[in-house]
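The values are calculated or read from the model by the stated rules, or taken from the named source; none is laboratory data. Everything numeric in this text was worked out from a predicted model, so none of it was measured. Cβ placement follows ideal geometry from the backbone for every residue including glycine, while neighbour counts extend to all protein chains displayed.
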Amino acid sequence: MLWLFERLPAALALLFGLVVGSFLNVCIYRIPLGISVAKGRSFCPACGEKIAWYDNVPLLSFLVLRGRCRRCGDRISPRYPAVEAANALLWLLCYLSHGYSAKTLLLCLALSALLVAAMIDRDTGIIPDRISVFLAALACCSLFAPGFPSPLARLGGALCVSVPMLLAALLWEGFGGGDIKLCAAFGLLAGWRLSLLAILFASVSGAAWAVFLLLRRGAGRKTAFPFGPFLAAGMGLSLLWGEELVGWYLSLFLL
């Protein structure tokens with residue numbers, strides 16, 4: 001019995017992550033189309049039929065329906081359960097990394113927002129402003145929670161990446177406005193150290209993917225690809241394990 005209670009918080013993090021992941025699918029689909037995410041029940045994109053509650057259970061309904069709409073039989077994209085599972089895993093990892101606290105809740109919500117940003121940018125090449133606004137709102141809430149950077153570190157985080165990206169966009173059109181706003185909002189939440197770490201992760205992974213496209217898919221030097229997924233991934237890694245990585249790196253110079 002003690003074993004069950006010791007693992008209950010982790011199970012709850014996984015469960016709530018699944019439920020929120022289902023809502024994230026609504027955001028990913030509706031926000032680019034300009035449809036309200038707060039009004040109206042979920043519906044099948046193929047036939048428009050509203051989805052009953054028993055067909056909208058995260059992961060389970062997809063398995064029971066074998067990946068098809070109950071009414072029209074059209075295939076349901078496997079991305080829906082993938083997003084739900086990914087968000088559940090992110091929430092679980094966040095709990096395991098930071099424990100049970102207000103900070104954990106704020107970071108879980110930030111990770112979910114970054115997942116939405118990554119998927120929408122992958123689909124449309126645009127990161128909606130409302131995601132950056134949401135991260136900025138989380139940054140304001142985190143002022144009342146322990147474990148976050150100082151206001152000065154937050155200000156530095158808002159500027160240290162977004163300003164160079166803005167200059168690069170003005171000179172070479174290398175970044176979109178959504179990337180810049182997302183970096184500024186993330187910096188307000190995470191501070192300058194995690195912001196720099198996030199852009200390092202994003203740049204390395206993005207460059208590796210660009211090389212892959214050049215070598216394996218015949219892409220040209222001017223082939224464009226969304227940077228948002230790599231940026232969101234770098235930010236997510238920084239939120240989960242950034243402080244440990246920064247501490248490990250700095251310790252190398254103290255030996």
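Numerical summary
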{"read-out": "From the options 2, 33, 63, 12, residue that is out of contact with any Phe, Trp or Tyr (no Cβ under 8 Å at 6 or more places or on another chain), closer than 28 Å to residue 100 by Cα and at pLDDT 85 or above", "value": "12"}
{"read-out": "When residues of segment 33-88 are limited to those that are free of Cβ contacts under 8 Å to residues at least 60 places away in the same chain and of a type in the set (Val, Ile, Thr), the one nearest to residue 236 (Cα to Cα)", "value": "37"}
{"read-out": "First in segment 234-254 and more than 12 Å from residue 111 (Cβ to Cβ), second anywhere and surrounded by 10 or more Cβ atoms within 10 Å (Cβ to Cβ) and modelled with pLDDT of 90 or more, Cβ under 6 Å, 6 or more apart", "value": "234/198; 234/201; 234/202; 242/194; 242/197; 246/193"}
{"read-out": "Checklist (1) among the polar types (S, T, N, Q); (2) surrounded by fewer than 16 Cβ atoms within 10 Å (Cβ to Cβ); (3) over 20 Å from the mean Cα position of the chain (by Cα) applied to residue 61, failing item", "value": "(2)"}
{"read-out": "Hits in segment 98-117 - residues which are in a helix (DSSP H, G or I) and either hydroxyl-bearing (Ser, Thr, Tyr) or within 8 Å of the chain's Cα centre (by Cα) (or both)", "value": "104, 110, 111, 112, 113, 114, 115, 116, 117"}
{"read-out": "Count of residues meeting criterion [surrounded by 13 or more Cβ atoms within 10 Å (Cβ to Cβ) and either part of a helix (DSSP H, G or I) or polar (S, T, N, Q) (or both)] in segment 29-58", "value": "7"}
{"read-out": "Which numbered condition residue 95 misses (of (1) touching a Pro at 6+ places or on another chain (Cβ under 9 Å); (2) part of a helix (DSSP H, G or I); (3) under 26 Å from residue 121 (Cβ atoms))", "value": "(3)"}
{"read-out": "Test: residue 68 is modelled with pLDDT under 95 and more than 21 Å from residue 17 (Cα to Cα)", "value": "yes"}
{"read-out": "Residue, farthest from residue 8 (Cα to Cα), within segment 65-119, restricted to residues that are crowded, with 16+ Cβ neighbours inside 10 Å and among the hydroxyl-bearing types (Ser, Thr, Tyr)", "value": "80"}
{"read-out": "Residue 142 of a type in the set (Gly, Ala, Ser), outside the structural domain of residue 95 (by TED's automatic domain parsing) and either buried (at least 21 other Cβ atoms within 10 Å of the Cβ) or under 16 Å from residue 83 (Cβ atoms) (or both)", "value": "yes"}
